[in-house]
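What follows is one structure encoded as structure tokens, with my remarks underneath.
The values are calculated or read from the model by the stated rules, or taken from the named source; none is laboratory data. Because the structure is predicted, anything quoted here is derived from the model rather than measured. Here the Cβ positions follow ideal geometry from the backbone for every residue, glycine too, while neighbour counts run over all protein chains shown. We work out accessible area using only protein heavy atoms, side chains counted, and drop any ligands, DNA or RNA first. Shrake-Rupley method; radii C 1.70, N 1.55, O 1.52, S 1.80 Å.
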Amino acid sequence: MIADVSDNDFTVSLSICRLRLRRPLRAGEAPAIRGFFGRQFEDEVLMHNHGPNDQLVYQYPRVQFKVLDRHAYLVGIAEGSELLQRLWMGFDSTTLGNEELPVIDSQFSTNQHSFLLSDDPIRYRFATPWLALNQTNFREYTQSRSQSFRLEKLNKTLVGNCLGMCKSLGIRFSGRISADCTDLSSIKTTLKGQGMIGFVGTFLLNVALPDLIGLGKSVSRGFGSIERRSP
């Protein structure tokens with residue numbers, strides 16, 4: 001893992017890389033891109049998050065696949081960044097392995113991002129639907145008619161998602177994480193053929209996060225991708 005830690009302010013700096021493949025795609029094709037790379041690099045656990053005997057690896061995904069503005073994106077975090085940088089050296093922009101992947105062009109970038117608490121809330125938007133609800137909080141959310149209860153449920157869930165991601169990445173904060181999901185709205189989406197409720201729009205969070213990483217469920221398949229917005 002590429003990480004720099006400051007004992008004074010608990011800041012962690014991680015390597016983040018982004019690979020963009022420009023080709024016509026639909027928003028729901030991120031799982032297909034993930035499957036494509038998973039097949040080509042089946043020995044790389046970070047590409048598909050499955051270990052021996054196809055056992056699921058329970059950690060925040062270090063490599064995430066997204067489709068934004070009809071372009072495919074691969075985002076690597078920490079060890080995932082190291083992996084994508086290594087694979088990029090042998091990547092051909094028109095074919096990969098034995099399968100065709102027509103690409104008009106590709107761009108690769110990498111940088112260090114410092115994860116830290118912010119004095120003021122930062123505005124982000126979900127560029128892809130955020131899957132906030134599991135079976136338990138789905139029932140609680142949908143059965144309640146109280147808008148304040150629903151908002152508090154989303155706020156707590158978003159904080160929990162952020163805390164879970166940070167814990168998996170070895171990040172800890174001395175202060176309190178807070179979120180405000182007032183400006184989110186629900187939409188219908190699908191995951192593995194099943195109907196789901198997702199949330200899109202802008203939200204406030206007092207943690208500095210890199211663009212395009214995911215929060216919530218199924219971030220490796222492109223859900224919950226965030227982008228920083230102007231205040």
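Residue by residue through the stretch 190-231, note down the ones that are in a strand (DSSP E or B) and open to solvent by 30 Å² or more (accessible area, probe 1.4 Å).
THR190, GLN194, GLY195, MET196, ILE197, VAL200, THR202, LEU204, GLU227, ARG228
Output the residues belonging to the stretch 141-190 that are among the aliphatic types (A, V, I, L, M) and touching a Cys at 6+ places or on another chain (Cβ under 7 Å).
Hits for the stretch 141-190 are LEU151, LEU154, LEU158, ILE177.
Listed residues PHE41, PHE10; which is at pLDDT 75 or above and surrounded by fewer than 19 Cβ atoms within 10 Å (Cβ to Cβ)?
PHE41
Got at least one residue in the stretch 90-106 being surrounded by 19 or more Cβ atoms within 10 Å (Cβ to Cβ), charged (D, E, K, R) and modelled with pLDDT of 70 or more?
no
Any residue at all in the stretch 133-143 that is under 28 Å from THR11 (Cα atoms), open to solvent by 50 Å² or more (accessible area, probe 1.4 Å), in contact (Cβ under 8 Å) with a residue 24 or more places away in the chain and not hydrophobic (A, V, I, L, M, F, W, C)?
no
Taking LEU158, is it in contact with a helix residue (DSSP H, G or I) (Cβ under 9 Å, 6 or more places away or on another chain), hydrophobic (A, V, I, L, M, F, W, C) and open to solvent by less than 50 Å² (accessible area, probe 1.4 Å)?
The answer is no for LEU158.
Evaluate the following for ARG229: is it over 28 Å from ILE33 (Cα atoms) and under 17 Å from the mean Cα position of the chain (by Cα)?
No: the conditions fail for ARG229.
Pairs, please: C-beta under 8 Å, at least 6 apart or cross-chain, first residue assigned to a helix (DSSP H, G or I) and in the stretch 16-39, second acidic (Asp, Glu) and open to solvent by 30 Å² or more (accessible area, probe 1.4 Å)?
Final answer for the pair search is PHE36/GLU99; ARG39/GLU99.
Can you pull out the residues in the stretch 170-185 that are open to solvent by less than 70 Å² (accessible area, probe 1.4 Å) and in contact with a Phe, Trp or Tyr (Cβ under 8 Å, 6 or more places away or on another chain)?
Once the filter is applied, which keeps residues that are open to solvent by less than 70 Å² (accessible area, probe 1.4 Å) and in contact with a Phe, Trp or Tyr (Cβ under 8 Å, 6 or more places away or on another chain), the stretch 170-185 yields ILE171, PHE173, ALA179, ASP180, CYS181, LEU184, SER185.
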